[in-house]
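One structure is given here, and the rest of the page talks about it.
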Amino acid sequence: MAFIGRLTRQIAKMLLKKSLRHQAKNELRDLNLWDLGQNASGHMSVGDTDLVDLIEEYGSPLFVINRDRLVKDIRMTQSALESLNAGSKLLYSYKTNCTPGVLQVMHEHGVGAEVISHYELWVANKLNVPADNIIYNGVNKTDESLKMAIEMDIFSINVDDVNEIERIYRIACKMGKRVKVGVRLGLMEKSQFGVEVATGEAMEACRKIIGLSDRLDLHCIHFNVTSNAKEADTHIHYARKAIRFMHQVQRATGHYIPYLDIGGGFGVATAKNMSATEYGFYRVFGYLPRPPALSELRPFSESIREIRDSIKESCTTLGYDCPKIIIEPGRLITSSAQMLLTKINAIKKKIDGTEFVITDTGRLSTTFPCDFEYHEMFLANRPADKPTQVYQVMGRVCTAADWLMKNRLLPELNRNDILAIMDAGAYFSSYSSNFAFQRPPIVMVADGGVTVLRKEETFEHLVAMDCIMNESHSFPQSGKLAL
Ligand SMILES: *Cc1c(COP(=O)(O)O)cnc(C)c1O
């Protein structure tokens, strides 16, 4: 056992050296990549807005959205899609960042909504998203949510399992409505999503829908197969399979499916998913993986053109009319426009030299994606300082498992310094939990002005559904009565 312990420490030491080399020549040490700057006080800034001032005013931790960057990334995505055929659609994946103030910017620019739950559908409805610009995906659709989607007459309900077909049909009959449906293909091994193609189940599902065409209109085939993809090859691979399947449906039934929804998963340059090996090494040895190289990312405009060309080619080969393309990006649009600021509460040095930094975020409350993704980190009050020290950046929850980032190379830190975690616009606020603390506020910076999109949670908010704390609740007043 002692030997294994020694060996592990040796390996960890070796890997740390390697990680520090990577971190030292890191291409991401450039605030311009996020359209941020450094002002006269030497602080990080969004336009004229000083990020240190923001923390003073709104407290820590704090999510900050750079509106200009958000709009820039929306426009970049839209202009890349101009190369697709007319009638193609762009929908934002709500679960990636379900902040109504962010979604509203998206919808003002004509981007639609891709929802995966009754709650998200309700938000889209509240935000007045045109029904024709909403798609409902998801593995667990309740009857109530289906009813709402059918009532709203949304663009597509994408079936994830055959049981949904009968439920949609039954509700449609009851309501006297016609419903546009899609089928999500289960194209990947070891993935619970969609209807299996290889066993013939997907074909059965399509036949079933076509057989119920008095109420149901099969108009879309869907897949969603990757995350933060830097290249187009995965989308191309599965799009080929999907087109082949659509062609088979047409041959078998005579029914033409006019839309192919290729999901999301398009990547950004400044964050990356850890590979399985990197993840293992990070967990076991604290080896923070190599930051992404900027050249790894193929620009979205090129990726989407490649995907389009490959789809066209498959269609030409098969003699299938080219379908209109739907995309549902999340990360691509919001990742880089949002950051998380966190104040340092304490710095502790252990006898072996390890230095722990205690912050008020962490993977168990606010930075879950940092668990399996590489994210850049700056010292917001002194971003130009040279990184010279290795820190274990920890969270605020009372467990050793609440780290934010292990073995991170940073400038020498002091209490009350402020760290900025970049690319916090995808899966940070939506994954946040209120484990022992309130969830942080979210503010948006635009034209030198700051708008609060979401206030910090209050204690009252956290107990609002607790019956013994709220005598006015109309549902069971006491636990005993409920039994
Ligand atoms: C999560 C999800 C997306 C968006 O994924 P990103 O990686 O954020 O682009 C799109 N479609 C479906 C069905 C999803 O579940």
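The values are calculated or read from the model by the stated rules, or taken from the named source; none is laboratory data. Just so it is clear, the structure is predicted and the values come from calculations on it, not from any experiment. Cβ coordinates were reconstructed from backbone atoms using ideal geometry, including for glycine residues, and neighbour counts include every protein chain displayed.
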Taking region 317-339 as the search range and keeping residues that are in a helix (DSSP H, G or I) and away from the ligand (no atom under 16 Å from the Cβ), which one is surrounded by the fewest Cβ atoms within 10 Å (Cβ to Cβ)? 317
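Yes or no, residue by residue, for (1) more than 27 Å from residue 272 (Cβ to Cβ); (2) of a type in the set (Asp, Glu):
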residue	(1), (2)
16	no, no
29	no, no
32	no, no
42	yes, no
47	yes, no
57	yes, yes
63	no, no
Take the residues of region 198-227 that are touching a Lys or Arg at 6+ places or on another chain (Cβ under 7 Å) and either buried (at least 21 other Cβ atoms within 10 Å of the Cβ) or without any contact (Cβ under 8 Å) to a residue 24 or more places away in the chain (or both): which is farthest from residue 178 (Cα to Cα)? 223
Restricting region 184-197 to residues that are assigned to a loop (DSSP other than H, G, I, E, B) and at negative phi, the residue that is surrounded by the most Cβ atoms within 10 Å (Cβ to Cβ): 187
Of the criteria (1) in a helix (DSSP H, G or I); (2) crowded, with 18+ Cβ neighbours inside 10 Å; (3) of a type outside the set (S, T, N, Q), which one residue 113 fails: (1)
Would you point out the residue of region 79-107, among those that are more than 20 Å from the chain's Cα centre (by Cα) and away from the ligand (no atom under 16 Å from the Cβ), that is modelled with the lowest pLDDT? 85
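For region 1-57, give me each residue that is among the aromatic types (Phe, Trp, Tyr) and touching a Ser or Thr at 6+ places or on another chain (Cβ under 8 Å). Step through it out loud before you land on a result.
We begin by selecting, within region 1-57, every residue among the aromatic types (Phe, Trp, Tyr); these are 3, 34.
Once the filter is applied, which keeps residues that are among the aromatic types (Phe, Trp, Tyr) and touching a Ser or Thr at 6+ places or on another chain (Cβ under 8 Å), region 1-57 yields only 34.
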Sort out which residues of region 427-442 are touching a strand residue (DSSP E or B) at 6+ places or on another chain (Cβ under 8 Å) and either among the basic types (Lys, Arg) or under 23 Å from residue 30 (Cα atoms) (or both), and write them in order of number. 428
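For region 39-60, state whether one or more residues are more than 20 Å from the chain's Cα centre (by Cα), acidic (Asp, Glu) and in a strand (DSSP E or B). So that I can check it myself, show each step before the final result.
Step one: filter region 39-60 for residues more than 20 Å from the chain's Cα centre (by Cα), giving 39-60.
Restricting the remaining residues to those that are acidic (Asp, Glu) gives 48, 50, 53, 56-57.
Then keep just the ones that are in a strand (DSSP E or B); that gives 50.
Yes, that holds for at least one residue.
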Could you grab me the full set of residues in region 134-162 that are in a helix (DSSP H, G or I), closer than 24 Å to residue 201 by Cβ and either charged (D, E, K, R) or within 12 Å of the ligand (Cβ to nearest atom) (or both)? 143
Residues of region 75-101 satisfying the condition of being loosely packed, with under 15 Cβ neighbours inside 10 Å and among the charged types (D, E, K, R): 75, 82
Which pairs do you get when a residue that is without any contact (Cβ under 8 Å) to a residue 60 or more places away in the chain, found in region 97-124, comes within reach of a residue that is outside any helix (DSSP H, G or I) and basic (Lys, Arg), reach meaning Cβ atoms under 7 angstrom, with the pair 6+ apart or on two chains? 112/89
Name the residues in region 241-253 that are more than 16 Å from residue 323 (Cβ to Cβ) and without any contact (Cβ under 8 Å) to a residue 24 or more places away in the chain, would you? none
Here's a check for you: in region 340-377, which residue that is among the charged types (D, E, K, R), assigned to a strand (DSSP E or B) and more than 16 Å from the ligand (Cβ to nearest atom) is surrounded by the most Cβ atoms within 10 Å (Cβ to Cβ)? 343
Looking at (1) over 30 Å from residue 259 (Cβ atoms); (2) out of contact with any strand residue (DSSP E or B) (no Cβ under 9 Å at 6 or more places or on another chain); (3) at pLDDT 95 or above, which is the only condition residue 39 fails? (2)
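Please verify whether residue 238 is of a type in the set (Ser, Thr, Tyr), surrounded by 17 or more Cβ atoms within 10 Å (Cβ to Cβ) and under 30 Å from residue 323 (Cβ atoms), treating the condition exactly as stated.
Values: of a type in the set (Ser, Thr, Tyr): yes; surrounded by 17 or more Cβ atoms within 10 Å (Cβ to Cβ): yes; under 30 Å from residue 323 (Cβ atoms): yes.
Yes, satisfied.
For the structure I just gave you, tell me whether residue 407 is modelled with pLDDT of 95 or more, in a loop (DSSP other than H, G, I, E, B) and over 24 Å from residue 104 (Cβ atoms). Steps first, answer last, please.
Numbers: modelled with pLDDT of 95 or more: yes; in a loop (DSSP other than H, G, I, E, B): no; over 24 Å from residue 104 (Cβ atoms): yes.
Spelling it out, it is not the case that residue 407 is modelled with pLDDT of 95 or more, in a loop (DSSP other than H, G, I, E, B) and over 24 Å from residue 104 (Cβ atoms).
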